[in-house]
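The values are calculated or read from the model by the stated rules, or taken from the named source; none is laboratory data. Please read all numbers here as calculations on a predicted model, not as lab measurements. Don't worry about glycine lacking a Cβ; one is built from the backbone with ideal geometry, like all the others, and counts go over all protein chains shown.
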Amino acid sequence: MSEEIKVQESAAADSVSQEALENVVSLKKGDTVKGTIVKIEDNQAFVSLGYKYDGVIPLRELSSVNLENAADAVQVGQEVEAKVVSINDEKASLVLSKRQIDSTRAWDDLQAKFDNGEAFEVTVADVVKGGLVVDVGARGFIPASMVERHFVEDFSGYKGRTLRVKVKELDRENNKVILSAKEVLEAEYEAQKQSIMASLEIGQVIEGTVQRLTPFGAFVDIGGIDGLVHVSEIAWSHVAHPADVVSEGQSVKVKVLKVDPSIGKISLSIKAAQPGPWESAAGQFHTGDIVTGTVKRLVSFGAFVEIAPGVEGLVHISQIAHRHVATPHEVLKEGQEVQAKVLDFNPAEKRVSLSIKETEEAPPQAERAPRSSRAPREETNLPAPESMSFTLGEKFGDKLSKFK
């Protein structure tokens, strides 16, 4: 290579070096800089700023919440803004803080959201005792009671989940940010509830899912909102507790009984969405049938006997026994199982006439109708009719002869 060429290359190199030096940014502690993440290690991230060497963001300066890995906060290629914490050109050390920039901006943003009641998304960074921790530029905390509309026993599956929240409490001086996801869910639920309630019609039959059971009834989800099925509306037969008939998570058909948007109340019925007992019994019983039933109620004029769930027939007092019965309590008791004959069946009028005595053999006539209260003839001192036959002559002949 000629000396001339070497001189030219040397001059070009000097020119490039001089140009590079002129383009290198100048930095000092406290400066705010922008750069790109070029490398991530477990406990730090490297940022290219256009400076003589890359800056480093330690794990503790990446976020306001505790992190296990730098990759949980940033990715390679991501543009970030950071503050110069320290700089030492002799050791080629440039320490940056993303957390300080994020925190400063976050408080202003959080204050605006708090003032406006704005809902926004956050990602759960950690699950701690009492609630969830999120990074909102500052450390945000969602108490356990403000996570869902319902009680949650285990929050272990919430880490990494995205939630919509509102700022519930803000204290910049003490670095305190309290958030609520429940408030957002409640507002969404109420809006959805009003919309669904407006679309419901009395008498409408719809599908639902049993959500909760209480002693007084079952709450059924009918598309995002709950309606109450009172315990008396669960089945046509008597129900002591809803759990005896339905279970949580079960799909059911319900009929809309009442909708009151002013108080947000929806009354539903499971039994009304099913064929009634009299409809089901229409082809089940016929006049003359012998049926088995249970005595449900005793009244002065007879007994009501249930022959199918929700279907009761009357056994008139005159149809209880072949003998005279002064009161049904003499012969029957509530809960007793009896056999009865169907005398008349009218499902349209919901009426059944029954007879218990028609299922029993009539006793002999003598037992059925006792003789007169007069004592039997053999028990009197009167002679038999034939011994009373006589003539006047035989009785009074000797006395009549005196008048001859």
Residue check for Val229: in contact (Cβ under 8 Å) with a residue 60 or more places away in the chain, in contact with a Leu (Cβ under 6 Å, 6 or more places away or on another chain) and surrounded by 14 or more Cβ atoms within 10 Å (Cβ to Cβ): no
Residue match in the range 166-186 (condition: surrounded by fewer than 13 Cβ atoms within 10 Å (Cβ to Cβ), among the polar types (S, T, N, Q) and touching an Asp or Glu at 6+ places or on another chain (Cβ under 9 Å)): no
| field | Qualifying residue in the range 309-332 (condition: surrounded by 12 or more Cβ atoms within 10 Å (Cβ to Cβ), in a strand (DSSP E or B) and either in contact (Cβ under 8 Å) with a residue 60 or more places away in the chain or acidic (Asp, Glu) (or both)) | value | yes
Exactly one of Val291, Val305 is touching a residue at least 60 places away in the same chain (Cβ under 8 Å) and either assigned to a helix (DSSP H, G or I) or of a type in the set (A, V, I, L, M, F, W, C) (or both), and that one is Val291
- Any chance the range 107-124 includes a residue that's outside any strand (DSSP E or B), touching a Leu at 6+ places or on another chain (Cβ under 6 Å), more than 20 Å from Tyr51 (Cα to Cα) and of a type in the set (Phe, Trp, Tyr)? yes
Just one listed residue, out of Glu183, Glu148, is touching a residue at least 24 places away in the same chain (Cβ under 8 Å) and touching a strand residue (DSSP E or B) at 6+ places or on another chain (Cβ under 9 Å), and it is Glu183
Counting only residues that are surrounded by fewer than 21 Cβ atoms within 10 Å (Cβ to Cβ) and either out of contact with any strand residue (DSSP E or B) (no Cβ under 7 Å at 6 or more places or on another chain) or closer than 26 Å to Lys176 by Cβ (or both), the range 44-60 contains a total of 5
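Would you say Phe285 is farther than 30 Å from Phe219 by Cα and in contact with a helix residue (DSSP H, G or I) (Cβ under 7 Å, 6 or more places away or on another chain)?
Working: farther than 30 Å from Phe219 by Cα: yes; in contact with a helix residue (DSSP H, G or I) (Cβ under 7 Å, 6 or more places away or on another chain): no.
Answer is no for this residue.
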Picked from the range 189-213 (must be under 11 Å from Val256 (Cα atoms) and among the β-branched types (Val, Ile, Thr)), the residue surrounded by the fewest Cβ atoms within 10 Å (Cβ to Cβ) is Ile202
Output for Cβ contacts, cut-off 7 Å, separation at least six or different chains, first residue in contact (Cβ under 8 Å) with a residue 24 or more places away in the chain in the range 103-121, second assigned to a helix (DSSP H, G or I) and of a type in the set (A, V, I, L, M, F, W, C), reads Ala119/Val184
Flagged in the range 45-72 as of a type in the set (Ser, Thr, Tyr) and under 15 Å from Ala125 (Cα atoms), in numbering order, are Ser63, Ser64
- Can Val152 be described as touching a helix residue (DSSP H, G or I) at 6+ places or on another chain (Cβ under 8 Å), among the β-branched types (Val, Ile, Thr), part of a loop (DSSP other than H, G, I, E, B) and not assigned by TED's automatic domain parsing to the domain that holds Asn66? yes
Note on Asn69: of the conditions (1) within 18 Å of Val134 (Cα to Cα); (2) surrounded by 13 or more Cβ atoms within 10 Å (Cβ to Cβ), unmet is (2)
